[in-house]
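Novice: Before we start, here is the structure in question, set down as structure tokens.
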Amino acid sequence: MIDLFYAPTPNGQKIILFLEEAELAWRLIRVDISKGEQFRPDFLAISPNNKIPAIIDRAPVDGGAPINLFESGAILLYLAEKTGKLLSGELRERHTTLQWLFWQVGGLGPMLGQNHHFNHFAPQPVPYAIERYQVETQRLYSVLNKRLETSPWLAGEHYSIADIAAWPWINAHQRQRVTLENYPAVNNWYERIRNRPATVSAFAKTQQI
Ligand SMILES: N[C@@H](CCC(=O)N[C@@H](CS)C(=O)NCC(=O)O)C(=O)O
């Protein structure tokens, strides 16, 4: 059983996509980040950077004590290694997957997060910042589009944790003021993931809780 500390944001949604895709048993523990619950000492003991997502794996493969983890990329890598799913063991495909996973956690996520901030949450409009992150958002969508013009999935021939990491951020494209039709290969990839049974059931389960 995996305990997932969750809020309905792209970084949280990555983990439910993996858990459903890999058919792991999971329990969702909501952390209301709008009310500051991420600063509670019991949560900080698991996630000292005061951010979701975080997990506790109560049944690690070594049979030892429960493992706590924060950072969505580290969690996806851990769960992929635990289950042997969504991360190839083949040298080239494995490192192509990790390359795009790191691109997402180091670039796509933080930059689109700044786009969300300056478009929706800044206390006053900051035209320079809005423009800067809009241009960077478009650049990143173009990088993704180029990759997906030549490859069905980010890692190559197989759906992987790299796709899972990127998709929830693209799912928020309207908030980023992006028109997906301008990025046809991204749009096609986006729809294929949106219609996967695991994607549908992951979101349905979070509505139920
Ligand atoms: N690099 C982190 C980013 C996580 C993150 O930014 N989480 C946000 C929600 S999407 C959060 O918990 N924010 C609360 C806060 O900053 O206080 C990851 O990939 O897990």
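The values are calculated or read from the model by the stated rules, or taken from the named source; none is laboratory data. The structure displayed is predicted, hence computed values, not measured ones. Heads up, the Cβs are rebuilt from the backbone with ideal geometry, glycines too, and the neighbour counts pull from every protein chain shown. SASA here: full protein model, heavy atoms, side chains in, ligands and nucleic acids out. Shrake-Rupley method; radii C 1.70, N 1.55, O 1.52, S 1.80 Å.
Novice: Determine, yes or no, whether GLN99 is more than 16 Å from the ligand (Cβ to nearest atom), in a helix (DSSP H, G or I) and of a type in the set (S, T, N, Q).
Specialist: Yes, satisfied.
Novice: Take the residues in region 115-124 that are more than 11 Å from the ligand (Cβ to nearest atom) and in a helix (DSSP H, G or I), then tell me which one is least open to solvent (accessible area, probe 1.4 Å).
Specialist: ASN115
Novice: From VAL143, VAL105, VAL135, grab the single residue that is open to solvent by 40 Å² or more (accessible area, probe 1.4 Å), under 21 Å from ASN171 (Cα atoms), among the β-branched types (Val, Ile, Thr) and within 16 Å of the ligand (Cβ to nearest atom).
Specialist: From the options VAL143, VAL105, VAL135, the qualifying one is VAL105.
Novice: Select the strands (runs of 3 or more DSSP E) contained entirely in region 1-62, then report the ones holding at least 3 residues which are open to solvent by less than 30 Å² (accessible area, probe 1.4 Å) and touching a helix residue (DSSP H, G or I) at 6+ places or on another chain (Cβ under 8 Å).
Specialist: In region 1-62, 2-6, 54-57 are the strands (runs of 3 or more DSSP E) which contain 3 or more residues that are open to solvent by less than 30 Å² (accessible area, probe 1.4 Å) and touching a helix residue (DSSP H, G or I) at 6+ places or on another chain (Cβ under 8 Å).
Novice: Moving on. Report the residue count in region 77-91 for those that are assigned to a helix (DSSP H, G or I) and without any contact (Cβ under 8 Å) to a residue 12 or more places away in the chain.
Specialist: 2
Novice: So ARG177 ticks every box in (1) open to solvent by 50 Å² or more (accessible area, probe 1.4 Å); (2) in a helix (DSSP H, G or I); (3) more than 16 Å from the ligand (Cβ to nearest atom) but one. Which box is left unticked?
Specialist: With respect to (1) open to solvent by 50 Å² or more (accessible area, probe 1.4 Å); (2) in a helix (DSSP H, G or I); (3) more than 16 Å from the ligand (Cβ to nearest atom), ARG177 is out only on (2).
Novice: Follow-up. From the set of residues in region 64-82 that are more than 12 Å from the ligand (Cβ to nearest atom) and either closer than 13 Å to LEU101 by Cβ or assigned by TED's automatic domain parsing to the domain that holds GLY106 (or both), which is surrounded by the fewest Cβ atoms within 10 Å (Cβ to Cβ)?
Specialist: GLU81
Novice: Of all residues in region 21-63 being among the aromatic types (Phe, Trp, Tyr) and touching a residue at least 24 places away in the same chain (Cβ under 8 Å), which is farthest from the ligand (Cβ to nearest atom)?
Specialist: Out of the qualifying residues, it is TRP26.
Novice: Check off (1) at pLDDT 95 or above; (2) closer than 29 Å to LEU28 by Cβ; (3) touching a Leu at 6+ places or on another chain (Cβ under 6 Å) for ASN187 and give me the number that stays unchecked.
Specialist: (2)
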